[in-house]
Each structure stands twice: as C-alpha cells, then as structure tokens.
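Inspection log for the structure reproduced underneath, given as structure tokens.
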Amino acid sequence: MLSSNIMPYAQSNIFSKTGEQEEAAGASGFAIEARNLSIHYSAFRAVKNVDMAIPERKITAIIGPSGCGKSTVLRSFNRMNDLVPGAHAEGDVIFMGQNIYAPQVDPVEVRRRIGMVFQKPNPFPRSIYENVAWGARLNGFKVGLGRPSMDEWVENCLRKAALWDEVKDKLNQSGLSLSGGQQQRLCIARAIAIQPQIILMDEPASALDPIATLKVEELMQELARDYTIIVVTHNMQQAARVSDQTAFFTVDADRAGMLVEFGDTRQIFTNPKDSRTEGYISGKYG
Amino acid sequence: MSTITNNASGGNLSPEALSLKHRPRPVEALIYGFLFFCGIVSIFTTLGIVYELGKESLLFFSTPGVTIWGFLTGTRWQPQAGNFGILPLLTSTLLTSGMAMLVAAPLGLAAAIYLSEYATPSLRKALKPTLEVLAGVPTVVYGYFALTFMTPLLRAIFGKDTVEIYNTASAGLVMGILILPLVSSMAEDALSAVPNALREAAYGLGATKLEVAVQVVLPAAVSGLAAAFLVAISRAIGETMIVAIAAGAGPRFTFNPFQAAETMSGHIVRISGGDLSYNSIDYNSLFAIGLFLFIVTAAINLVSQQVVRHLKRNTQ
C-alpha cells in the first residue's frame, strides 16, 4: 500500500530511525510548522492566526486556560479535527516540506507519520500484544530478512514505553485489564509501534495519579531523544518539568483562541515577555 | 426559623411533636400500588399464556396414540390420519427464518455500518426514520408483496416448473425485508454505542475508515450485534402473516425452498381460522405447536442473553 521510500521501517534498521528523522525534517530543523493557522467549527472560529514552528526532537508544551484552543491546535497537526463535523482549517501546516491541508493530501497518510496519545487512555479491547501489533500491521509492517519479527517489535515498543517488565508475562491479556497508568503507556507503545516522526499528546497524564504521571513524564523525556513530542497540558508544573519549549495560548475578546507567546520553557516561566503569560503562570487567572 | 418549625410540626412546639414516625401518605401509596400493578401485569400475562398452552397441550399429549417422542420426530402432520409429527412444520419454519436471516443479516449489518460510520449526521437523521417506516408496514401487506411480486420474480428467474406458486423462499425473502429495519436499527445502536475514543485511537494510528469500521468498531460491538441477530431470528420464527399468505397451505416435509410448505405459525392461523370444534384433537394440537414455538423462542432469548453476557465480558 505504501511505497517503501516513505515507509520508515520498510527498508532500514527499524530500531534506529535517527537518519530518517533528519532527512524528514530537511534543512529547516523544524518538525512541523503552523503558518497563519485558523480553525473553525462551523461558523465558530476556535483558533485564529497561529504561527509556530515546532523544533524537532524536543518536547514542546502547549499551555493556556480552558477553551483557548490548545487541543484544537494539537489535533490540527495530524488532521484529527477532520473527524469533527463542521471543522475546517485555514492557513498552512507544513510537515516534511508539504502543507498537510493541501487538497491532494490524504489525512490517513498524515496520521501514519504523526501519532497521537489521548487524554483518557483508550486501548483497544484486545490483548496487550494486539494493541501494539495492530497499528504496525496496519502500516505495512513486514517480517523479513534483517528485520525484526513482530514479537521482537512488540517487545521493543513495550520496552521503549517502559511497560515491558510489567506485562511480559501477560501479553495475551486484555489491554483493558491494566491500570490507568499502564494503559496510557500501552497507548504510547502503540503510537511508537507505527514509527511516527511526531507524537502528539493531549493531556496524557490528566487522568492519572501522581506516580503514574511521573512515569509518563519520564517516558516522554526518554522518547524525546528519538521523537518530536508536542504535549498539551493543563498542568503548568508539568510543562515546566518536561518541556523544552512552551507555547502559551489564551482566549481573545472574540472567544477565539490565540497564541500569545512561544519560546524557551525556562524563559516563559521565569521571564515572560507578555503580561498575559505572566498573569497565567503566576496564577492570577485561568 | 419559627415559621418552618410551625409548618412542620403543625404549630406544636413540644418535643413530642418532632416525631420521626412514619406518616400516612395515601396518594403515594396509591401510586406505588398502581405502578407495581403495571409492573407485574406482564409477568402474569406470561404466566397465563404458559398455563393455557400447557393445559391444552397436556390434553393433546394425553390423547391415546400421541406421544411426545412422536410429536418431536414425526415427519408427517396429518391430524385426520392421526399423524402429529412437528418436523414438517419445523423445517418450513427454519427455511423461512433462515431465508429471512440470509437477507436481513448482511443487509442490516451493512446498513448499520453505513449509518453509524459513514453517513453524515443530517443524512443519518433522514435515513434512520425512513428505514423504520418499513417496520411500520402491516405484515399482511408484506404477505401480498411476497405473493404478487416476489413469487413471480422467483418464477421468472428459476422457471415456473421449479418454483411453485406458494413457496417458502418467497415468504422468507420478504420476511427478511420485514426484519431488516429491526436488524439495522439494533445493530446501528450497538455500533454507535462504541466509544468514540476507540475510533480516534484507530484513526490516530493511520487507519482508514473501512479499517476503523471493520477491525475496531465491529469487534467492539459484537455483543450488541449478536443480540440484534438473535432478536431478529426469534421475530422471524414467530412471524405469521407473510407465511400464512405466501408460503403455502398444508404441511410438507421438505428442504426445498421453492416448494409450498406450511410453517408452525402459518398452520396455527389457518386451522384456527376454520370451524374447529372446541376440545377436538385438532384444536388441542394447535396449542402443542404454540407451546413448542414458545419454548423455541424463549430458548433463543435465553441463549442470546448468555451470549451477550459472555461477549461483553470479553470485550470490556
């Protein structure tokens, strides 16, 4: 179904995709870039005029008060918003030198390269093994000479998601039998099994207890060595703890979300340029 | 504060007035009684039906020459000759309901997948009620539709020599159209009940719409789908009017769907429509058929509940 030159693990050693990513990002050094992006839900403009360039293999956090469109922006990066009736985007989102909103682009192909982890853990009602293997199989994973078997690949992904030791003896049990934190790490394993270049995380720890949250945060930092991660979070401490870059969104007077400030996390939290950013991170509102 | 106390205790402020005893609430008791009555009416109706079927069947089975074994295994149903074998009525019932499921299961499932996964919300809003209108058409209309449309069509396709004027295929196919809305509506409910989070998870992995529908939504809805099919089967087994009109009059032990053969329900309606003397063996035999029909559908319902429970446990 996919031609081999764009299928990351069709030709090269799938355990290291560093070369692929550098190639993918091209000369820009950015993994994905929004240019004058506005998103509407039917007549309602949810987000307006967003310009942000996400650096590759870094963790970029998106923070802001409720209703500021953080999740909307995140979901526009892999065209998940297409699933919402009435949603449409204006402007460009540049990924690998192409605008993913160009008419000839197939959203399915976009999502095969930009994975997603959701707020509420949503494993499939299948075995732990199948949860990881399904997406890989879907994306043309083939066993062959010099390539890992599916068993090896599942193990590799579960190891990367720091879940292997907890589940290796019960791979045939339902993914739903795991705890919430384990389920979320299973969802992360499932996402990396298709070898995306970017992983979008929509409040991945908000449904988890503090210990599980910590595990997921550690995992994110681990994964940032290989993947570009964009994470939406309500939790400012989390953004400060894990991210390299932070984007602060807020709601404008016309109820549309907008990007206020985007920069180095340390700078955003210690020396914000915009008074609205300062007000939010110091807890004055939101 | 004082007015509240006054209202609650009738103006008496002495400690005895703050009684926590039950107070009579006649209207509430009356409504409770009425609701309880409504609740148990259906139970008593069922019990009454079982009693009546059982009583008359007992009379039938206590007739000399009639045995339960002969009833269950006999291949002839000829009350005049004293042959009471249910098999000819059972096979034709299975033929018509099998034929109906052959139509309703694939079409109903496909319609449900379309409605739940592909149709836009506005199209779904228009399509679902239209489909449900089909369920509101009187079954006698379907019966004549089978006789005047489906039968000529079958005869044109397969030849007048192969297909008799009355045949179980025609009745079964039209019965499939009758239960199609039931299947599609229940199946659509089952598919729609699959949480959107699962669809998003699959789309997020780069699944196509078809992959999401077939590989994620269908398996997750399997318990509801099984329930839909089993309800449809028991509906088809009990369906009367279409088979009475189009399947043929007269029991015949055959597995050929192009031949006339009377089903259990069709036989009951034809015989009871004639002048039948009360307490004759013919009359009593109808109740035995009715009891058999009742047991079969009740068994299917029980099995379906178990199946649904089992599947639910495996998918949740």
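Please list, in chain and number order, the residues 5+ apart from A:ALA87 or on another chain whose amide H is under 5 Å from its amide H, with Hs placed from the backbone.
Hits under the 5 Å cutoff: A:SER42.
What helices does chain B hold that run 30 Å or longer along their axis, going by alpha-carbon atoms, with a Kyte-Doolittle average of -1.0 or more, using DSSP H for the helix calls?
Membrane-span-like by this rule: B:26-61, B:87-113, B:168-192, B:281-315.
Beyond 24 Å between alpha-carbons counts as too far, so tell me which of A:LYS58/A:LYS160; A:LYS48/B:LYS125; B:LYS125/B:LYS209; A:LYS142/B:LYS209 fall in that bin.
Violating the 24 Å Cα-Cα cut-off are A:LYS48/B:LYS125.
Evaluate the relative contact order of chain A (contact order divided by residue number), counting alpha-carbon pairs under 8 angstrom at least 6 apart; express in whole percent.
Result for chain A is 26 percent.
First measure r as the distance between the Cβ atoms of B:PHE255 and B:GLN78, then evaluate 1/(1 + (r/R0)^6) with R0 = 22 Å and state the FRET efficiency to the nearest 0.05.
E(calc), rounded to 0.05, equals 0.70.
Explain nothing, just the number: relative contact order of region B:135-238, from Cα pairs under 8 Å at least 6 residues apart, as a whole percent.
Numbers: 68 pairs, mean separation 29.7, N = 104.
That works out to 29 percent.
What is chain B's relative contact order, in percent, from Cα pairs under 8 angstrom and six or more apart in sequence?
It rounds to 24 percent for chain B.
Quick one: plug the Kirkwood hydrodynamic radius of chain B (C-alpha pairs) into Stokes-Einstein at 4 °C, 1.567 mPa s, and report D in µm²/s.
55 µm²/s
Using θ = phi - 60° and the Karplus relation 6.51 cos²θ - 1.76 cosθ + 1.60, list the HN-Hα couplings for region A:264-274 in order, rounded to whole Hz, with x at every Gly or Pro.
4, 4, 4, 5, 4, 7, 9, 9, x, 7, 9
Please identify, among B:LEU109, B:LEU90, B:LEU134, the residue showing maximal mean-square fluctuation in a Gaussian network model of chain B using a 10 angstrom Cα cutoff.
Per the Cα network of chain B with a 10 Å cutoff, B:LEU134 tops the list.
Non-local amide H neighbours of B:ASN83 (under 5 Å, H modeled in plane, Pro and chain starts lacking H): which ones?
HN-HN under 5 Å from B:ASN83: B:GLN78.
At 7 Å along Cα-to-Cβ for each site, give me the label-to-label distance between B:GLU52 and B:ILE300 in nm.
The answer from the label model is 2.2 nm.
Given Cα positions, please report Rg to Rh for the protein assembly as shown, the hydrodynamic radius being the Kirkwood one. Display every interim value, and only then the final one.
Numbers: Rg = 33.4 Å, Rh = 29.5 Å.
Dividing the radius of gyration by the Kirkwood radius yields 1.13.
Within the protein assembly as shown, what percent of beta bridges assigned by DSSP are antiparallel, to the nearest 5?
Roughly 60 percent of the beta bridges in the protein assembly as shown run antiparallel, per DSSP.
With just the Cα atoms defining each centre, how far is region B:37-63 from region B:126-189? Give it in Å.
Result: 32 Å between the Cα centres.
Taking the square root of 5 times each eigenvalue of the Cα gyration tensor, what semi-axes in Å does the equivalent ellipsoid of chain A have, largest first?
31, 22, 17
So what's the back-of-envelope 222 nm ellipticity for chain B, counting only DSSP H runs of four-plus at -39500 (n - 2.57) apiece and dividing by all residues, rounded to 500?
-22000 deg cm²/dmol
Quick one: which residues, 5 or more positions from A:ILE32 or on another chain, have an amide H under 5 Å from its amide H? H modelled 1.01 Å from N in the peptide plane, none for Pro or chain starts.
A:ILE54
Can you grab the distance from the C-alpha centre of region A:48-72 to the C-alpha centre of region A:151-225, Å, no decimals?
Here the two parts' Cα centres lie 23 Å apart.
All of the numbers you see were taken from the coordinates with simple rules; none came from a lab. Quick caveat: nothing in here was measured; it's all calculated off a predicted structure. All Cβ positions, even for glycine, are placed from backbone atoms using ideal geometry, and neighbour counts span all protein chains on display.
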